[in-house]
1. Take Glu121 and decide whether it is out of contact with any Gly (no Cβ under 6 Å at 6 or more places or on another chain) and loosely packed, with under 15 Cβ neighbours inside 10 Å.
2. I'd like to verify a number: residues in region 57-76 that are small (Gly, Ala, Ser) and either outside any loop (DSSP other than H, G, I, E, B) or open to solvent by 30 Å² or more (accessible area, probe 1.4 Å) (or both), how many?
3. Restricting attention to region 20-38, does a residue exist that is open to solvent by 20 Å² or more (accessible area, probe 1.4 Å), of a type in the set (Val, Ile, Thr) and assigned to a loop (DSSP other than H, G, I, E, B)?
4. Of the residues that make up region 104-112, is at least one at pLDDT below 95 and in contact with a helix residue (DSSP H, G or I) (Cβ under 6 Å, 6 or more places away or on another chain)?
Amino acid sequence: MGVFEEGTVEMPYSILYADTPDEVQITWKNSAKTEVNDIRFSGNGKWKSSTGLKIGTTYDELNKLNEKEISFYGFGWDYSGAVMWNDGKLEDSNLRVFVSPEGETKNDHYGDHIIEATPEEIAKLNLKVQTIIYKL
């Protein structure tokens, strides 16, 4: 059993391809492990979604795939960099995506709030997908 959703939900889980770039975590809806809750991965391995999303997808690529500009939450907490699809093409995809900055961040880029930044500030963040969760 593991603790998920900011420590509020306890669920059984399994790990496939442990300690490799292809590591995948499966959380289960029941202790018999017969019904999948979600599949999540963070390694830069072979996995990608049917829409082409993969670890390392850039902010600009996300916007292009979504066909609408995304929003994202601040960094440094449990849902760090959580992406909001804003009624774009990926809104009903069952994909939860988290971006991470590889560039310069500011203090106001941290915390439980949607980041409001200029296009120049977003470009400086050099955002890339860090985690993908497919919710079944």
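The values are calculated or read from the model by the stated rules, or taken from the named source; none is laboratory data. Just so you know, these numbers come straight off a predicted model, no measurement behind them. Please note: Cβ atoms are built from the backbone with ideal geometry, for glycine as well, and neighbour counts cover all protein chains shown. Remember, those area values only see protein heavy atoms, side chains included, never the ligands or the DNA or RNA. Shrake-Rupley method; radii C 1.70, N 1.55, O 1.52, S 1.80 Å.
1. Values: out of contact with any Gly (no Cβ under 6 Å at 6 or more places or on another chain): yes; loosely packed, with under 15 Cβ neighbours inside 10 Å: no.
So Glu121 fails the test.
2. Step one: filter region 57-76 for residues small (Gly, Ala, Ser), giving 71, 74, 76.
The next check asks that each one be either outside any loop (DSSP other than H, G, I, E, B) or open to solvent by 30 Å² or more (accessible area, probe 1.4 Å) (or both); those that pass are 71, 76.
Qualifying residue count for the region: 2.
3. The initial filter retains those residues of region 20-38 that are open to solvent by 20 Å² or more (accessible area, probe 1.4 Å), namely 20-23, 25-26, 28-36.
Then drop every residue that is not of a type in the set (Val, Ile, Thr), which leaves 20, 26, 34, 36.
Restricting the remaining residues to those that are assigned to a loop (DSSP other than H, G, I, E, B) gives 20, 34.
Yes, region 20-38 has at least one match.
4. Step one: of region 104-112, the residues at pLDDT below 95 are 104-112.
Filter once more, so that each one left must be in contact with a helix residue (DSSP H, G or I) (Cβ under 6 Å, 6 or more places away or on another chain): 104.
The answer is yes, given that some residue of region 104-112 is at pLDDT below 95 and in contact with a helix residue (DSSP H, G or I) (Cβ under 6 Å, 6 or more places away or on another chain).
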